[in-house]
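A.B. asks: Please see the structure below; I have some questions.
Please treat every number below as a calculation from the coordinates, not as lab data. What you see is a predicted model; the values in this text were computed from it and never measured. We place every Cβ from the backbone using ideal geometry, glycine too, and count neighbours over all the protein chains shown.
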Amino acid sequence: MRMLCALGLLLSVGQPMAVAASPVPASPKATISFGAQGMVEVVGPSNQGRPESPWTMIQTLMSPRGDAAVVRFCWEVGKYDGCQVHLARPGRPVHRLNSSNVKHLLWTPDGQYLVGAGNNTLRLWNLSGGLRTQVLAGKTENVRALGWVAGGLCVQTREYQHPSQYGQTAHRFTVPALRWIASAQLVKTWEVPAPACL
């Protein structure tokens, strides 16, 4: 009996085994309500061929004026990641913003511009999708927060200094020019403080 079982196992090993294919996750999407102006559906990038690192909808951010919104779609595998931002306006096609691999988004208080921050680059888009960029100088590791202060945009960064310490710095920029105004060291620690600005 044992011999027959072993023979059956040996025969089945030589046969190609059917492997169930992982289902392809649906493309992420978000439906945005613009009140009386209607709804806009924003469909993210296709997940075809991405079973291990699917795109997901991470953030929806409505303009202060209520006439536009953005949706951020991202993927992540280990230490690698990527994002795309799509601009939605009622009665217009959805527009994927250029160079939109960002981790932070913030509308200007008047809703005319959208600010995004990647690891060490600021991006500013107008409602037509036009883009302006500003690379943060120095050893900036990444942007931790964006906010508004009197006279401009506040960008809080974290900089690696040595194995036991990170430096937290606040930078101020004009908008829409993205011109640097000032910077100040906030704290030196592993801890990440709440957003603060000059």
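A.B. asks: Which whole-Hz couplings ³J(HN,Hα) result when phi for each residue of the range 115-123 is put into the Karplus expression 6.51 cos²θ - 1.76 cosθ + 1.60, θ = phi - 60°, listed in order with x for Gly and Pro?
C.D. replies: Here the 3J(HN,Hα) series is 9, x, 9, x, 4, 9, 10, 8, 10 Hz.
A.B. asks: Next question. Grab the beta carbon distance between TRP180 and ARG92, set R0 = 35 Å, and tell me the FRET efficiency rounded to 0.05. Provide the component values of the computation, followed by the final result.
C.D. replies: Details: r = 34 Å, r/R0 = 0.96.
Using R0 = 35 Å, I get an efficiency of 0.55.
A.B. asks: Report the label-to-label distance for THR121 and GLN59 in nanometres (one decimal), using points 7 Å from each Cα along the Cα→Cβ vector.
C.D. replies: In this crude label model, THR121 to GLN59 measures out at 1.7 nm.
A.B. asks: Where does the charge balance sit around ALA68 when Lys and Arg score +1, Asp and Glu -1, over other residues with C-beta under 11 Å from its C-beta?
C.D. replies: After counting each charged neighbour, the total is +2.
A.B. asks: Can you list the residues of the range 77-117 with backbone N under 16 Å from a point 7 Å past the Cα of THR133, pointing along Cα to Cβ?
C.D. replies: Correct set: 82-85, 97-104, 115-117.
A.B. asks: Can you tally the net charge around MET57? Count Lys and Arg as +1, Asp and Glu as -1, for every other residue whose Cβ sits under 10 Å from the Cβ of MET57. Let's see the in-between values first.
C.D. replies: Numbers: positive: LYS29, ARG72; negative: none.
Local net charge: +2.
A.B. asks: Right, here's the next one. Would you kindly derive the ³J(HN,Hα) couplings of the range 77-93 from the backbone phi angles with the Karplus curve 6.51 cos²θ - 1.76 cosθ + 1.60 (θ = phi - 60°), listing them in order in whole Hz, with x for Gly and Pro?
C.D. replies: Working through the residues one at a time gives 9, x, 8, 9, 7, x, 9, 9, 10, 10, 9, 10, 9, x, x, 10, x Hz.
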